[in-house]
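Trainee: Following this message is one structure expressed as structure tokens.
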Amino acid sequence: MIKEEREKMIKPVLLQKLNINYTIPETVGLALNEIVEFKDFIQYYDVGSAMIKPYFEKVHREEIESLSGYYNHDNLNIEFDFLFSGDKEPENDAERLTINLSAILKSTSGSKEELTLQSLQKIQVDLHQGLEHESSGIGLRMETNSLFAATEEVQAQNPIDKDLRVWLDDLMKAASAKQTPALVRCWIFYYYFNILKPYPAYNELVAYIICKRILASEKLDMLNTLNLDKYVFRDKDFIEASKKLTDTEDYFQKLSSDLTEYLDICIKGFRNNIIASRNGATDCVRGQLDFASLTPRQKNSLNFWLEKAFYIHKDKLDQLSPRQHEMMLLIAKYGSLSNKDLVPVFQVERKTIQRDFNTLLELKLLDQRGGGRGLRYYINMRVVI
């Protein structure tokens, strides 16, 4: 990316208070490319929400259980399995908040709500729906009727309380500025929101929800399979970078820190999350192909095609007919096939299948071994990876 393009991308919106200091990391481009590859994979193998639902439920359960550490400070017993199955009504505020958080995160991918102070307040209301300490006067911390706790101590520690609405309004503008990549906006929001701490409690949860909402609005949360808490916020590099940024007692220095290294670490964590999501989608495809019943050699062939060859050859796949696509998957599944094996499958003449084999050989997708009646075709594993 040339310098002029990068400067154009980071041109700031008109802000009254925030002076955000960062340079867009090169890893943004790598992450976006990996998203494109993931989209190609799920489209090619028709991995829709129904197929990946079991994987998503597993990811969602792990995500909610991890996030419970932000609000279950009393270590109350939360029966996640019973709550998610619907077999148990929540019995305390921690379990009620678990249900509320789950519903919010499941709806995040489809949310088109504009990021405003009102949308922040709506999240707060939704989080506390049905809690024993619910209050109609839910507001920001400088409002005395905040449901969270007494606010005097927080106000005393925070020198920007007087203009908090202005600071937050600036942050919402920065989070919504489309000229900045979403992979930068979400992490900037997360950092500043947790520095500003508009609520005496649960700032991490609200920041997490908005972070995922920004990514989802740009279709970067593929099939709702992101677990940012696991792959970013609990990563040791993220923890160290955050500590380095916030160690100073000078509040305004925290607000003006250079976030470039921090952003780079966040995006690397996001890339690891995409790899995990891609592996989850690949497992779903394996399940559709009865992977467990295959021989070790067949498993090796199929794994090579799904995990490596697909990405190496994906530019060639558009040249294939639907029958040739299916032939490749069948050969990958069974390790090798012959002309005689495929004629009854597709109910076409031998010469038609042979023309398909010749096309796949020319594209270097297949290898052939043997001769005559013993001629068989294999996935070409001698490609450069």
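Nothing in this text is a laboratory measurement; each read-out follows from the coordinates by a stated rule. Keep in mind that what you see is a predicted model, and the values were worked out from it rather than measured. All Cβ positions, even for glycine, are placed from backbone atoms using ideal geometry, and neighbour counts span all protein chains on display.
Trainee: Relative to the compact globular guide of 2.2 N^0.38 Å, what is the alpha carbon radius of gyration of the range 265-385, as a ratio?
Mentor: Scaled against compact globular proteins, the figure is 1.17.
Trainee: Within the P(r) computed for the range 54-115, what percentage of the Cα pairs occupies the region above 13 Å?
Mentor: Tail of the P(r) past 13 Å holds 63 percent of the pairs.
Trainee: Kindly put 171, 289, 205 in sequence by how many other C-beta atoms sit within 10 Å of each C-beta, fewest to most.
Mentor: The most exposed by this proxy come first: 289, 205, 171.
Trainee: Of the listed peptides 192-204, 56-68, 351-363, what is their order by residue-averaged count of other C-beta atoms within 10 Å, with the highest listed first?
Mentor: Answer by packing, highest mean first, reads 192-204, 56-68, 351-363.
Trainee: Every cysteine in the chain with no other Cys Cβ under 4.7 Å from its Cβ, please list them in numeric order.
Mentor: 266, 284
Trainee: How would you order 24-31, 86-93 from highest to lowest mean count of nearby Cβ atoms within 10 Å?
Mentor: Descending mean neighbour count gives 24-31, 86-93.
Trainee: Right, next: Rounded to the nearest 20 Debye, what is the dipole magnitude of the range 274-385 about its Cα centre when Lys and Arg each give +1 and Asp and Glu each give -1 at the C-beta?
Mentor: 340 debye
Trainee: Using mean Cβ contacts within 10 Å as the protection proxy, how do 293-303, 326-336 order, highest first?
Mentor: Listed from highest to lowest mean packing, they are 326-336, 293-303.
Trainee: Helix 203-217 sits at what angle to the longest principal axis of the chain, using alpha carbons and giving 0 to 90 degrees rounded to 10?
Mentor: Approximately 40 degrees, to the nearest 10.
Trainee: Quick one: putting +1 on the C-beta of Lys and Arg, -1 on the C-beta of Asp and Glu, what dipole do you get for the chain around its Cα centre, in Debye to the nearest 20?
Mentor: Dipole of the chain, to the nearest 20 debye: 2380 debye.
Trainee: Any idea which of 279, 100, 190 is furthest toward the positive side of the dipole for the chain, if Lys and Arg beta-carbons carry +1 and Asp and Glu beta-carbons -1?
Mentor: 279
Trainee: Using Cα pairs under 8 angstrom and six or more residues apart, how large is the relative contact order of the chain, in percent?
Mentor: 20 percent
Trainee: Then there is this: What is the distance in Å between the Cα centroid of the range 39-107 and that of the range 354-385?
Mentor: Taking the Cα centre of the range 354-385 as reference, the centre of the range 39-107 is 45 Å away.
Trainee: Let me ask something additional. Would you please state the base-10 log of I(q)/I(0) at q = 0.22, 0.29, 0.31 1/Å for the range 311-370, with intensities from the Debye formula using one equal scatterer on every alpha carbon?
Mentor: For the requested q values the scattering log ratios are -0.90, -1.55, -1.68.
Trainee: Quick one, what does Rg over Rh come out to for the chain if you take C-alpha atoms and the Kirkwood Rh?
Mentor: Value, to two decimals: 1.08.
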